[in-house]
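One structure below.
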Amino acid sequence: MTDQVEPNPEKDPSDWTTGDEPMTGPQKSYLQTLAQEAGEEVPDGLTKAEASARIDELQRATGRGN
């Protein structure tokens, strides 16, 4: 029996070494698209980790994460 290694293991955003940096341009753009579809607002000043978590939430809300 061999151990299966996940090819692209996901790291919890709260564990990212750069997670406290400001969100990236692509994150902001995608968040705005998802938020518009969900009828929600995107707060300014999110960190990379916060933006990632919000993207996950909005993907579930809009069905884009499937």
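The values are calculated or read from the model by the stated rules, or taken from the named source; none is laboratory data. The model shown is predicted, which means the values in this text are computed figures rather than measured ones. When we count neighbours, we look across all protein chains shown, and the Cβ atoms used for this are built from the backbone with ideal geometry, even at glycine. Only protein heavy atoms, including side chains, enter the accessible area calculation; ligands, DNA and RNA are left aside. Shrake-Rupley method; radii C 1.70, N 1.55, O 1.52, S 1.80 Å.
Of all residues in the stretch 27-66, which are charged (D, E, K, R), in contact with an Asp or Glu (Cβ under 8 Å, 6 or more places away or on another chain) and either open to solvent by less than 40 Å² (accessible area, probe 1.4 Å) or assigned to a helix (DSSP H, G or I) (or both)? Lys48, the sole residue that qualifies. Checking each residue in the stretch 1-37 for being at pLDDT below 60 and among the aliphatic types (A, V, I, L, M) picks out Met1, Val5.
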